[in-house]
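Down below is the structure, laid out as structure tokens.
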Amino acid sequence: MALLQTPDSNPIDYIDDEDFIALEIPQDMAGERLDKVLATFLPDYSRNRLKTWVEAGAVTVDGKVTKARYLLHGGESVKVFPQDMPEQFAFDSEDITLDVIYEDSSIIVINKPPGLVVHPAAGNWTGTLLNGLLFRYPELKSLPRAGIVHRLDKDTSGLMVVARTSQAQTALVKQLQERTVGRRYLALVWGNLPSQGKVLATVGRDQRDRLKMAAGSPQGKPAATVFRRLAKGLFSEASLALVECRLETGRTHQIRVHLESLGFPLLGDPVYRKKTPGAAKALPLMRQALHAYALTLEHPASHEVMTWFQLPPEDLIALLPCVGLSSEELPKKDALLASIANERR
């Protein structure tokens, strides 16, 4: 995957997921029923749910609504528009400890720990950040997604902003669409990553594995990740690097997919592992080494530009000396603030 330097101009999603799932039906599935093929490609959804979506007109074949028993000819373009199900609106409030680093009457900024799912979904209807938000801030029940406007993967740690009012949610969504929200991540990657660069490659569902995302997919959405190497490290003779990544778009698994597409997978990533060295098996890390360490936005009420900074949690800090790095090589808050102020001039 080439390193490109020109940004794209397409708007981003306001939350890090897809509006629809695109499928290209292979020729060897000619004669198969639509519902059966959907179940094959989308194993994370039940067959009954997929059938309900087809009957509701939320699935198109070459742009046309059809029946679940429709026999495919091969070569069709299918789009699936996932629909909310009734159980998704029955969210319970739960007393979950939240690391709130800032709150006022408009917004909440949270330092999400690794292992915490952000939004309820199949297999995770309880124990999520959203459930904890509803317990601590009951007024969020009146807002879509309880005020959540973007999210982090379950095993990615770091900063997230949540709206407390509909006005704040609208303003934050607009900032995300206009790409004025600054989101910076720290990552540890395998290999000799260049000192800096920018990845421009679409991100969409992997056509061979529907549980994964893929870079460069024709059905994917434009995505841009800017990276800067902060330091080099070594683990069992395998090269690695501490990297700062800055998002210009917010696609599902974007940083993980983009860096793997260049040949530099994240340490500890259980899914995107191409070119991961054998030494990784001995690595004392149980998740991908990715942390959202800085968040910048315009406050939706005061219009003040605000920045929050959060060092990585203990599991990543403890990993640094194991891979030939030290905490002194992590970004410093004062330097970050100066860099952000200079970028916004």
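The values are calculated or read from the model by the stated rules, or taken from the named source; none is laboratory data. All of these numbers come straight from a predicted model, not from anything done at the bench. We place every Cβ from the backbone using ideal geometry, glycine too, and count neighbours over all the protein chains shown. Accessible surface is based on the protein model in full, side chains and every heavy atom, while ligands, DNA and RNA are left aside. Shrake-Rupley method; radii C 1.70, N 1.55, O 1.52, S 1.80 Å.
Using only DSSP helix segments of four residues or longer, with each worth -39500 (n - 2.57), what per-residue ellipticity at 222 nm results for the chain after dividing by its residue count and rounding to 500?
-5000 deg cm²/dmol
So which GluC sites (Glu not before Pro) in segment 226-318 are both in a DSSP loop and have at most 12 other Cβ atoms within 10 Å of their Cβ?
Answer by residue number: 237, 304.
Considering only 44, 28, 95, give the residue with the highest GNM mean-square fluctuation for the chain, with springs between Cα atoms whenever their separation is below 10 Å.
Comparing 44, 28, 95 in the GNM, the peak value goes to 28.
Taking the Cβ of residue 115 as the center, what net charge do the other residues with Cβ under 12 Å away carry, scoring Lys and Arg +1 and Asp and Glu -1?
That works out to 0.
Just need the relative contact order of the chain here, percent rounded to a whole number, with Cα pairs under 8 Å and 6+ apart. Intermediate results must be reported in sequence, preceding the final value.
Numbers: 702 pairs, mean separation 57.3, N = 345.
Relative contact order, the chain: 17 percent.
Could you compute how much accessible surface residue 320 exposes when probed at 1.4 Å, giving the result in Å² to the nearest 10?
Solvent-accessible area, nearest 10 Å²: 10 Å².
What residue among 23, 262, 72 shows peak mean-square fluctuation when the chain is described by a Gaussian network model with Cα springs under 10 Å?
72
Given the C-alpha centroids of segment 229-292 and segment 156-210, what is the distance between them in whole angstrom?
16 Å
Between the DSSP loop rule and a limit of at most 13 other Cβ atoms within 10 Å, which trypsin sites (Lys or Arg not before Pro) in segment 159-253 are left?
208
Using only the Cα atoms of segment 199-303, build the gyration tensor, take square roots of its eigenvalues as a ≥ b ≥ c, and label the shape rounded, prolate or oblate: rounded if a/c is under 1.5, else prolate if a/b is larger than b/c, else oblate.
Oblate, since a/c reaches 1.5 and b/c is not below a/b.
Could you tally the net charge around residue 67, taking each other residue with its Cβ under 13 Å from the Cβ of residue 67, Lys/Arg +1 and Asp/Glu -1?
Numbers: positive: 33, 36, 51, 64, 69; negative: 35, 55.
Here the count lands on +3.
Give me the base-10 log of I(q)/I(0) for the chain at each q in 0.06, 0.08 Å⁻¹, Debye formula, one uniform scatterer per Cα, rounded to two decimals.
Log-scaled intensity ratios, in q order: -0.23, -0.42.
Taking every DSSP beta bridge that has both residues in the chain, what percent is antiparallel when rounded to the nearest 5?
Rounded to the nearest five, the antiparallel share is 95 percent.
What is the gain in length, in nm to one decimal, between residue 62 and residue 208 on full extension, counting 0.36 nm per residue of separation less the C-alpha to C-alpha distance?
50.5 nm
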